[in-house]
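What follows is a single structure, written as structure tokens, with notes after it.
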Amino acid sequence: MRRPFVAANWKMHKTVQEAVAYARDFAPRVEAVRNVDIVIAPPFLALPALVEATANSRVLVAAQNVHTAPHGAFTGEVSLGMLQGSGVTLVIIGHSERRQLFGETDAGVNTKTRATIDAGLTPIVCVGETLEEREADRTFDVLDRQVRDGLAGLSAGQVAALVVAYEPVWAIGTGRNATPDQADEAHRHIRQQLASQFGDAAAACRVIYGGSVKPGNVAELSARPDVDGALVGGASLDPASFAEIVASSRPATV
Ligand code: PGA
């Protein structure tokens, strides 16, 4: 049985002080929630403070990006060793905003995913089609390519332990979420692609949905058998709203 996984992606929101205030408000709200992995990904600057503020809670802390070199002349970048040293345990990789706005490729996603695993951190690997690709009936081709190339060379055991986030680009920040049927269909397809590459590991790998997840739609999305949780942007910025999403995201089978 796959354990539900719900992550907040704050993107470029919140100061260090705001992150700490959020953690104090949020952690008690989810204290009683069992059997769900709860993750927050703040901007780099707030990572150490958020790790400290959530130390005695059930909340894990993720970075939104990483550079794979251990150190060096890479202005503006942050290494895996730096994340580890700050108590960060997960990294979001290949978010569509990174792909679209910062030129990230499937090959780059693969390099980051492998390096993150080698460093002992858990990758949350994002995939998803644009509206244009969906309308041209290319959704499955795009997902297959992103999964195949993004996870190339990994072992089955490594894939079983990571998280894939299906985030249709047309649903991100638009208020227009995928319907449960659309999400289910895409998740099932991703799991088939995982199975063709990694066999039984596909059944263990969590595939979560992202794109305009809100307290009002998370229950019906995550009730679908292949939807193992959510990656939440806008609706995670308010602690009450994100706590409600966490509490509503457990599939009936758990
Ligand atoms: P959204 O963002 O929930 O604001 O649509 C999701 C994401 O980009 O991870």
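The values are calculated or read from the model by the stated rules, or taken from the named source; none is laboratory data. Quick caveat, the model's predicted, so the values are computed rather than measured. We place every Cβ from the backbone using ideal geometry, glycine too, and count neighbours over all the protein chains shown. Each accessible area value is taken on the protein alone, full model and side chains, heavy atoms only, with ligands, DNA and RNA left out. Shrake-Rupley method; radii C 1.70, N 1.55, O 1.52, S 1.80 Å.
Quick look at the values:
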quantity	calculated
Cα-based equivalent ellipsoid, the chain: semi-axes from gyration tensor eigenvalues, Å	25, 22, 17
Highest-MSF residue in the chain out of Arg138, Arg224, Arg114 [GNM, Cα springs under 10 Å]	Arg138
Contact order relative to length of the range 1-147, as percent, for alpha carbon pairs under 8 angstrom and 6 or more apart	18 percent
Mean Cβ neighbour count within 10 Å, used as a protection proxy, ranking 21-30, 2-11 highest first	2-11, 21-30
Pairwise centroid distance, computed over Cα atoms, of the range 120-134 with the range 184-198, Å	13 Å
Cα gyration tensor, the range 1-45 - rounded (a/c under 1.5), prolate or oblate	oblate
All-pairs alpha carbon distance profile, the range 1-112, 5 Å steps from 0, percent	2, 11, 21, 22, 19, 13, 8, 3, 0, 0
Total charge dipole magnitude, the range 101-204, about the Cα centre, Cβ charges on Lys, Arg, Asp, Glu only, Debye to nearest 20	320 debye
Exposed-loop-free span, longest in the chain, where GluC sites (Glu not before Pro) count as exposed if DSSP calls them loop and at most 16 other C-beta atoms lie within 10 Å	78-254
Relative contact order (percent, whole number), the range 122-254, Cα cutoff 8 Å, 6+ residue spacing	24 percent
Charge dipole magnitude, Cβ of K and R +1, D and E -1 - the chain, Cα centre, debye nearest 20	540 debye
Cβ-based charge dipole, the range 5-248, positive-most Cα from Ala55, Val33, Ser248	Ala55
Where labels lie 7 Å past Cα in the beta-carbon direction, separation of Ala161 and Thr15 in nm	3.9 nm
Residue among Val78, Val36, Val163 with the largest mean-square fluctuation in a Gaussian network model of the chain, springs linking Cα atoms under 10 Å	Val78
Mean accessible surface per residue for the chain, computed with a 1.4 Å probe while every protein chain stays in place, in Å²	43 Å²
Carbon/sulfur fraction of accessible area - the chain, other protein chains in place, 1.4 Å, %	52 percent
Residue among Thr68, Thr116, Thr174 with the largest mean-square fluctuation in a Gaussian network model of the chain, springs linking Cα atoms under 10 Å	Thr174
The chain: relative contact order in percent, alpha carbon pairs under 8 Å with at least 6 residues between	21 percent
Positive-pole candidate from Val227, His13, Ala23, dipole of the chain, charges at beta carbon	Ala23
